[in-house]
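**Student:** I'd like to ask some things about the structure below.
The values are calculated or read from the model by the stated rules, or taken from the named source; none is laboratory data. Note that the structure is a prediction, hence the values are computed from the model and not measured. A quick note on method: Cβ atoms are made from the backbone with ideal geometry, for glycine too, and the neighbour counts reach across all protein chains shown. Accessible surface areas use protein heavy atoms only, side chains included; no ligands, DNA or RNA. Shrake-Rupley method; radii C 1.70, N 1.55, O 1.52, S 1.80 Å.
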Amino acid sequence: MRYAETGYNLEIDLSRGSIEKVPTDPKWTELFLGGLGTNVKILWDRVGPEVEPFSPDNLLVLSAGLLEGTPAIGANRTIISAGVSPQTSFMAFSMMGGFFGPELKHAGYDKVIIRGKSPDLVYLWINDDKVEIRDASHLRGKGALETAQLIREELKEPKAQVAAIGLAGENRVYFASVEHFRSSASRLGLGAIMGDKGLKAIAVRGTKDIYVAQPSKFVELCDEVLKYIEWREKNPIKGVPAILATIGAPQEMKLTDESWHTTSFAWGHARQRRKDFWNEEIEKKWTEIHEKAIKRLVSCYNCPVRCGAIIAYPALELPTYMMKCYTKLTYVMAAWTDNLEFGYKIAGKAHDYGIDGFTAPQVMAFAIELYEAGILTDKDLPGFPSSNEERFFYLLEKIVRREGIGDILANGVYWAARQIGKGAEEFDHNTTKKHEQMVIKLGMLNPIYFLMYGTGEKANITQIEGQIPQAPLPKDYREEFIKDWIQVPTKYAERFKQFILEWGDEGKVFPFWPPIDLVCELVEWQETMHYIDDSTGICAGLSSFPIKPPYHIRNLPLLISAATGLDMDEDKLWEVARRIRNFVRAYNVRRGLRRQDDYPPKDHWKKRFPEYEEKLLDSYYEFKGWNKEGIPTKKTLEKLGLDYVAEDLIKRGILKDEEVPSKETLAETEKK
């Protein structure tokens, strides 16, 4: 018997109209867990580097994580991957919460793998063992939220969970999202891949049980997690912004204090901070608007932490939608408006159109900059309004329909700048790996974030960072903080605690502190936890993102062992995460990723140190067991059981057969 997983994937070929239930190899669970880990194995095997984003051979994979469908608290992330992103040309992967992943698991499948293209618009209906490809021509042009509701009505199944695309996905907007009422997979154009395949939606209803290997032990561990969540919500971290003091996603639906985001993040096209923006008048006005917009706070499947909110705004003229975290402000700050009401209106519309709430506002602000610089003219933007709020609505309609200049802007800032030309390239200042980054522009170089922004391949810093405060803690609180800091990995525990105790003292400040080896360890820890979450399906808001989370490297091996029956401990889990991380890296290397792609935006910090930054990158590559170009070495891949990956890279001339890391790298690899 397979524990914690179903042992089956659902294979759909839309070109042929075929449906197949395929058993999976249990060995993969031991090597890659599930979710992202097994997704990348599938993509490596079946999507070659010659495949283009909109090729029938580009696979789209919707996966439940290993622990979804079990009693594990907050294990509800659907990990959606595609072999090629239209924005970056690298692997695309994004996570969404809600109920879709667990429902898929209860229907009897760990993944849905989509290949080919349908000649007509269709949707997929999975009802336990009954699976159908159904006509969706009547849903063409419908919003993602409306589509989900219409499908439930058509199926007469109100409990069906639906993942759908809106108009942006149908029109292959490069930053189109896949929408699920409680969440969305927004980054890297997965909605465009789904639209290109002629797939409007996937609806699923599952009623089957999922078994775990040691039920009593597993439930006991889950109870401990739940108790900690309850305690942690009553005991916020001191000395950090209120929205980051508890657990879950940043609590912007529950709290109205937006002083941190509005004064620390950049406005417009990621251009300038407004350090004096937040005041009593703004707080009062925004609180009134916020309370008017929110119908109720909500959570995802099997989670007591209500990070999201149902927005029911009368002026929207569309169904209610769910919002959480920073998307409350992305359009407001990009449009450089003080009107929070505008943010709720346009975010709801964009949500239904199915478009990334981080990239879209930057693309719109970029277009306005080009217009004001005379690069785009009234000929390009006929009837362009005078106010930024109206301009954003104008541009949203053009982009999702690919009308006029919207057909170019729909490709994102990087590609649009090069298509427009005439100096537009100089306005592309906030992309990494051809993808829009978080709108943060700070003063002094942060070496930890330099490496996370530069080398991360998830295209979203919130899916890389976590576990440590954004700034030094108050000195009189540091000792108290580290006393019960059990979440740190055993091998780095004392070093990380000392880092917290010293950070902020004289001489213990960025950029040349902490020592580079400690910088590398802190970066790897943060990224490792995210890769574990992306493979187990646990929400980052309960694990890799917040400070002192309920899930961590000490208790996750116990949960995985009790759920699956695998013999998992801290060191083995760390190695599994390293295997997945290096596999993702190798996959993208095969598609052309090199050192030149591993840099944050040039203006991310005002004070930069090029020679030191190169040293950081060299040291991190060596620490990871990668060569000077950021390619995992043969030795590293073989140690992780990825011999066939090394052989492929050698055969293609990407990796040299005799290439080995330095003695220092080998020593560090042996330690890990």
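**Student:** Taking each pair of different alpha-carbon atoms in segment 463-513 once, compute 1/r for the pair, average those values, and report the inverse of that mean as the Kirkwood hydrodynamic radius in Å to one decimal. Don't skip to the end; give the middle numbers.
**Tutor:** On the way: mean 1/r = 0.0848 Å⁻¹.
It is 11.8 Å.
**Student:** Oh, and also: Using amide H atoms built in the peptide plane, which far-off residues or other-chain residues are under 5 Å from W605 H to H?
**Tutor:** Those qualifying (amide H under 5 Å, at least 5 residues apart or on another chain) are L442.
**Student:** Same structure again: Enumerate by residue number the chymotrypsin sites (Phe, Trp or Tyr not before Pro) in segment 602-637 meeting two conditions: DSSP loop (anything except H, G, I, E, B), and at most 16 other Cβ atoms within 10 Å of the site's Cβ.
**Tutor:** Numbers: sites: W605, Y612, Y620, Y621, F623, W626; in loops: none.
Sparse-neighbourhood loop chymotrypsin sites (Phe, Trp or Tyr not before Pro): none present.
**Student:** Give the residue list of trypsin sites (Lys or Arg not before Pro) in segment 1-75 that are DSSP loop and have at most 11 other beta-carbon atoms within 10 angstrom.
**Tutor:** Working: sites: R2, R16, K21, K27, K41, R46; in loops: R2, R16.
Here the sparse-neighbourhood loop sites are R16.
**Student:** Take the alpha-carbon positions of segment 353-497, form their convex hull, and give its projected area averaged over all directions (one quarter of the hull surface) in nm². Walk me through the numbers before you get to the answer.
**Tutor:** Values: hull surface 48.0 nm².
Mean orientational projected area (segment 353-497, Cα hull): 12.0 nm².
**Student:** Over 23 Å, how big is the tail of the calculated P(r) for segment 49-137, in percent of all Cα pairs? Kindly include the intermediate steps, with their values, before the conclusion.
**Tutor:** Details: 1275 of 3916 pairs.
Distances greater than 23 Å cover 33 percent of the Cα pairs.
**Student:** Across segment 249-357, how large is the tail of the calculated P(r) beyond 21 Å, expressed as a percent of all Cα pairs?
**Tutor:** Working: 1953 of 5886 pairs.
Tail of P(r) above 21 Å: 33 percent of Cα pairs.
**Student:** How many Å² of accessible area per residue for the chain, probe 1.4 Å? Don't skip to the end; give the middle numbers.
**Tutor:** On the way: 24190 Å² over 672 residues.
That works out to 36 Å² for each residue.
**Student:** Relative contact order (percent) for the chain, with alpha-carbon contacts under 8 angstrom and 6 or more residues of separation? Could you put the intermediate results ahead of the total?
**Tutor:** Working: 1398 pairs, mean separation 100.7, N = 672.
That works out to 15 percent.
**Student:** Same structure, new question: When the Kirkwood hydrodynamic radius is evaluated over all pairs of different C-alpha atoms of segment 530-592, what value in angstrom, to one decimal, is obtained? Display every interim value, and only then the final one.
**Tutor:** Numbers: mean 1/r = 0.0797 Å⁻¹.
Over segment 530-592, the inverse of the mean reciprocal pair distance is 12.6 Å.
**Student:** Quick one: of the DSSP bridges fully inside the chain, what percent are antiparallel, nearest 5? List each step's numbers first, then the result.
**Tutor:** Values: 48 of 61 bridges.
DSSP beta bridges in the chain are roughly 80 percent antiparallel.
**Student:** Normalised by the empirical 2.2 N^0.38 Å for globular proteins, what value does the Cα Rg of segment 226-285 take?
**Tutor:** Numbers: Rg = 14.1 Å, N = 60, 2.2 N^0.38 = 10.4 Å.
The value comes to 1.35.
**Student:** Further question on the same structure: Given N residues in the chain, what is its alpha carbon radius of gyration divided by 2.2 N^0.38 Å?
**Tutor:** Working: Rg = 23.6 Å, N = 672, 2.2 N^0.38 = 26.1 Å.
Relative to the 2.2 N^0.38 Å estimate, the chain comes out at 0.90.
**Student:** Along segment 261-274, what does the Karplus equation 6.51 cos²θ - 1.76 cosθ + 1.60 (θ = phi - 60°) give for ³J(HN,Hα), rounded to whole Hz, x for Gly and Pro?
**Tutor:** Calculated HN-Hα couplings, in order: 5, 6, 9, 9, 8, 8, 9, x, 7, 6, 9, 8, 8, 10 Hz.
**Student:** With all distinct Cα pairs included, what does the Kirkwood hydrodynamic radius of segment 26-65 come out to in Å, to one decimal, could you say? Write out the running numbers ahead of the final one.
**Tutor:** On the way: mean 1/r = 0.0913 Å⁻¹.
Taking the inverse mean of 1/r over all distinct Cα pairs, segment 26-65 comes out at 11.0 Å.
**Student:** When you count, for each residue, the other Cβ atoms within 10 Å and take the mean per peptide, how do 641-649, 398-406 rank with the highest first? If you can, show how the numbers build up before the last one.
**Tutor:** On the way: 641-649: 17.7, 398-406: 20.8.
Ranking the peptides 641-649, 398-406 by packing returns 398-406, 641-649.
**Student:** Lys/Arg Cβ at +1, Asp/Glu Cβ at -1, dipole of the chain taken about the Cα centre: which of V162, N127, A245 is farthest positive-ward?
**Tutor:** N127
**Student:** Give the lysines reachable from K159 as a straight Cα distance under 24 Å; neighbours fewer than 8 places away on the same chain don't count.
**Tutor:** Within the straight-line limit of under 24 Å, K159 reaches these lysines: K21, K105, K111, K130, K142, K200, K208, K295, K324.
**Student:** Checking the cross-link filter: which lysines have an alpha carbon closer than 17 Å to that of K285, excluding same-chain neighbours under 8 positions apart?
**Tutor:** K254, K328, K345
**Student:** In the chain, carbon and sulfur make up what percent of the accessible area (probe 1.4 Å)? The partial results should precede the final answer.
**Tutor:** Details: 11790 of 24190 Å².
With neighbouring chains kept in place, the figure for the chain is 49 percent.
**Student:** Hull surface divided by four, with the convex hull built on the Cα atoms of segment 1-52: how many nm²?
**Tutor:** Details: hull surface 18.3 nm².
Average of the hull's projected areas for segment 1-52 equals 4.6 nm².
**Student:** Using the eigenvalues of the Cα gyration tensor, what equivalent ellipsoid semi-axes result for segment 164-260 when each is taken as the square root of five times the eigenvalue, whole Å, largest first? Working shown, then result.
**Tutor:** Details: eigenvalues 238, 135, 18 Å².
Gyration-tensor ellipsoid for segment 164-260: 34, 26, 9 Å.
**Student:** Which value, in debye to the nearest 20, gives the size of the charge dipole of the chain about its Cα centre, when Lys and Arg are +1 and Asp and Glu are -1 at the Cβ? Before the final figure, lay out the partial values.
**Tutor:** Working: 90 positive and 98 negative charges, 73 e Å.
So the magnitude is around 340 debye.
**Student:** For segment 206-223, just list the computed ³J(HN,Hα) in residue order, Karplus coefficients 6.51, -1.76 and 1.60, θ = phi - 60°, integers in Hz, with x standing in for Gly and Pro.
**Tutor:** Using θ = phi - 60°, the values come out as x, 10, 8, 8, 10, 9, 10, 5, 10, x, 5, 5, 5, 5, 4, 5, 5, 4 Hz.
**Student:** What distance in nm lies between label points placed 7 Å from Cα along the C-beta direction at E506 and E30?
**Tutor:** Taking the simple label geometry, E506 and E30 are separated by 5.7 nm.
**Student:** From the residues V439, I375, A82, which one has its Cα farthest along the dipole of the chain in the positive direction, the dipole being from +1 and -1 charges on Cβ of Lys/Arg and Asp/Glu about the Cα centre?
**Tutor:** So the residue furthest toward the plus end is A82.
**Student:** Order of 173-186, 541-554 by packing, highest average Cβ count within 10 Å first? Present the calculation step by step, with values, prior to reporting the outcome.
**Tutor:** Details: 173-186: 28.9, 541-554: 23.9.
The peptides rank, most packed first, as 173-186, 541-554.
**Student:** Take each of the peptides 344-356, 472-484, average the number of other beta-carbon atoms within 10 Å over its residues, and list them starting from the highest. Don't skip to the answer; put the middle values down first.
**Tutor:** Details: 344-356: 26.0, 472-484: 14.0.
Averaged packing, sorted descending, gives the order 344-356, 472-484.
**Student:** If you don't mind, another one. Hey, how many Å between the Cα centroid of segment 344-366 and the Cα centroid of segment 547-617?
**Tutor:** Cα centroid to Cα centroid, the span is 29 Å.
**Student:** Report the net charge of residues surrounding D643, where surrounding means a beta-carbon distance below 13 angstrom and charges are Lys +1, Arg +1, Asp -1, Glu -1. Could the numbers behind the result be given before it?
**Tutor:** Numbers: positive: R579, K634, K635, K639, K651; negative: E638, E647, D648, D657.
In short, +1.
**Student:** How much accessible surface does M322 have with a 1.4 Å probe, in Å² rounded to 10?
**Tutor:** Rounded to the nearest 10, the figure is 20 Å².
**Student:** What are the lysines whose alpha-carbon lies under 25 Å from the alpha-carbon of K606, with same-chain residues fewer than 8 places away excluded?
**Tutor:** In chain and number order, the partners are K275, K433, K434, K441, K458, K508, K615.
**Student:** On the full set of protein chains, 1.4 Å probe, figure out the accessible area of D57 and give it in Å² to the nearest 10.
**Tutor:** Here the residue's solvent-accessible area equals roughly 100 Å².
**Student:** For segment 458-551, state the semi-axes of the equivalent ellipsoid (square roots of 5 times the eigenvalues of the alpha-carbon gyration tensor), sorted largest first and rounded to whole angstrom. Please report the intermediate quantities before stating the final value.
**Tutor:** Numbers: eigenvalues 106, 46, 28 Å².
Gyration-tensor ellipsoid for segment 458-551: 23, 15, 12 Å.
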